[in-house]
Amino acid sequence: MNRQLAARQTHCARQMAVGDGHVVYVEECAAVDGLPVLFLPGGPGTGCAPQLSQLFDPQRFHAILPDPRGCGHSQPHGALQANTTPDLVADLDYVREALGLSAWIVFGGGWGSLLALAYAQLFPERVQGLVLQGVFLGSRSEIAAYVQGSNATPPAGWAAFAAAMPAAEQDDLLAAYARRILGPEPQAAAAAVRAWLDYERAQHGVPPLAAPPDAAQVAQARVRLHYLLHDCFIAPGRLLDGIDRIRHIPAAIVHGTADPVCSPNIARTLYRAWPEATWLPVAGAGHGYSPPITRACSKALGWVAECVAG
């Protein structure tokens, strides 16, 4: 990923050795003396993109953007060993302590919303507020709906994705892709990675890759499959069951009503379990940080910050 540090007004970029041979890359941007906000990117398998700095008012927030284990600029790139959700949650608190912060707002999008909830439920006293965008709870039904195309997935995109696997394996495309992407044969892995990434691109309305996947894209897909194949390393129902631990924390839920990746029904389920949260559906919006989603997230973050400030 081409990281343009200056575009983020970065004040500090560092590597933190978090154990198990992993070194996590962390950037801090905007107002260092501002209200601390931890940003958790989508994925799994991706780091923080430079353009996400637009989410944070540089006069108000001290944004902390770590790349999770094996992702982005973290090392070793694409590593799967000691790379689970509990590992990532522990890394976040390591980063907080290393930066000398007693607490922070946690902002997570997509996969990052799962990490944000998992972190907040383990360390509620260290979370001042939550912003959750494109909610993903990591359930087997969510993963199956994504892979088997039963969300609002473009039919042609899913048809190409399924056709890349033998007909006998199309009833369980997650297992079929995992066998190849996580398998020992580089040529089969590269072909499967390309089909997987093209499927993701179709869901964002982006054309297929123009060239074979590079090493960074292969690593990204490997981490993604590693997590999805293992039900995101989180017990079924745990995040909904743990809402009582964080019910008191100011929270906002932002979700596009036409999201083909993370079903709006999952966000509604979370809101029903947590009616104290502020619900901000974005009519007609899909997945990712489109202008309407970005505006809603900025509004949500501003509201949570006001709650924190009292």
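The values are calculated or read from the model by the stated rules, or taken from the named source; none is laboratory data. Predicted model only: the values in this text are computed from it and were never measured. Glycine gets a Cβ as well: all are built from the backbone with ideal geometry, and neighbour counts include every protein chain shown.
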Which is within 16 Å of the chain's Cα centre (by Cα) and not assigned by TED's automatic domain parsing to the domain that holds Leu301, of Tyr199, Tyr177, Tyr227?
Tyr227
Where in the stretch 1-112 are there strands (runs of 3 or more DSSP E), lying wholly inside it, with at least 3 residues that are touching a residue at least 60 places away in the same chain (Cβ under 8 Å) and closer than 25 Å to Ala267 by Cα?
35-40, 104-109
If we scan the stretch 75-97, do we find a residue that is in contact with a Pro (Cβ under 7 Å, 6 or more places away or on another chain) and of a type in the set (Gly, Ala, Ser)?
no
Given the options Ile266, Ile249, Ile253, name the one that is within 20 Å of Arg126 (Cβ to Cβ) and crowded, with 17+ Cβ neighbours inside 10 Å.
Ile249
Can we say Val127 is at pLDDT 95 or above and closer than 25 Å to Gly286 by Cα?
no
Please work out if Ala258 is under 20 Å from the mean Cα position of the chain (by Cα) and surrounded by fewer than 15 Cβ atoms within 10 Å (Cβ to Cβ).
yes
For the stretch 290-301, how many residues meet the condition of being assigned to a loop (DSSP other than H, G, I, E, B) and buried (at least 19 other Cβ atoms within 10 Å of the Cβ)?
0
When Gly149 is evaluated against the numbered criteria (1) surrounded by fewer than 22 Cβ atoms within 10 Å (Cβ to Cβ); (2) outside the structural domain of Ala195 (by TED's automatic domain parsing), which criterion, by number, is the only one it fails?
(2)
Examine the stretch 268-281 for a residue that is in a loop (DSSP other than H, G, I, E, B) and more than 23 Å from Gly129 (Cα to Cα), and state whether such a residue exists.
no
Got at least one residue in the stretch 203-213 being in a helix (DSSP H, G or I), buried (at least 21 other Cβ atoms within 10 Å of the Cβ) and modelled with pLDDT under 95?
yes
Scan the stretch 149-171 and tell me whether some residue there is of a type in the set (D, E, K, R), within 20 Å of Gly72 (Cα to Cα) and assigned to a helix (DSSP H, G or I).
no
Step by step: first the residues of the stretch 177-202, then only those that are without any contact (Cβ under 8 Å) to a residue 12 or more places away in the chain and among the small types (Gly, Ala, Ser), then the one that is farthest from Pro213 (Cα to Cα). Which residue is that?
Gly183
Neighbours by Cβ (under 6 Å, 6+ apart or cross-chain): first from the stretch 237-261, within 14 Å of Leu130 (Cα to Cα); second acidic (Asp, Glu):
Arg247/Glu276
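Results for (1) closer than 17 Å to Tyr94 by Cα; (2) at pLDDT 95 or above; (3) of a type in the set (Lys, Arg), shown as yes or no for each residue.
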| site | (1), (2), (3) |
| --- | --- |
| Leu5 | no, no, no |
| Gln15 | yes, yes, no |
| Gly19 | yes, yes, no |
| His22 | yes, yes, no |
| Val37 | yes, yes, no |
| Leu55 | no, no, no |
| His77 | no, no, no |
| Gln81 | no, yes, no |
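For (1) assigned by TED's automatic domain parsing to the domain that holds Gly34; (2) farther than 20 Å from Ala145 by Cβ; (3) charged (D, E, K, R), each residue gets a yes or a no:
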{"site": "His255", "(1), (2), (3)": "yes, no, no"}
{"site": "Asp259", "(1), (2), (3)": "yes, no, yes"}
{"site": "Asn265", "(1), (2), (3)": "yes, no, no"}
{"site": "Arg272", "(1), (2), (3)": "yes, no, yes"}
{"site": "Thr278", "(1), (2), (3)": "yes, yes, no"}
{"site": "Pro281", "(1), (2), (3)": "yes, no, no"}
When you look at Pro236, is it closer than 30 Å to Gly157 by Cα, surrounded by fewer than 20 Cβ atoms within 10 Å (Cβ to Cβ) and touching a Lys or Arg at 6+ places or on another chain (Cβ under 9 Å), yes or no?
yes
May I ask you to list the residues in the stretch 126-148 that are in a loop (DSSP other than H, G, I, E, B) and without any contact (Cβ under 8 Å) to a residue 12 or more places away in the chain?
none
The correct count of residues that are of a type outside the set (A, V, I, L, M) and surrounded by fewer than 15 Cβ atoms within 10 Å (Cβ to Cβ) in the stretch 12-28 is 6
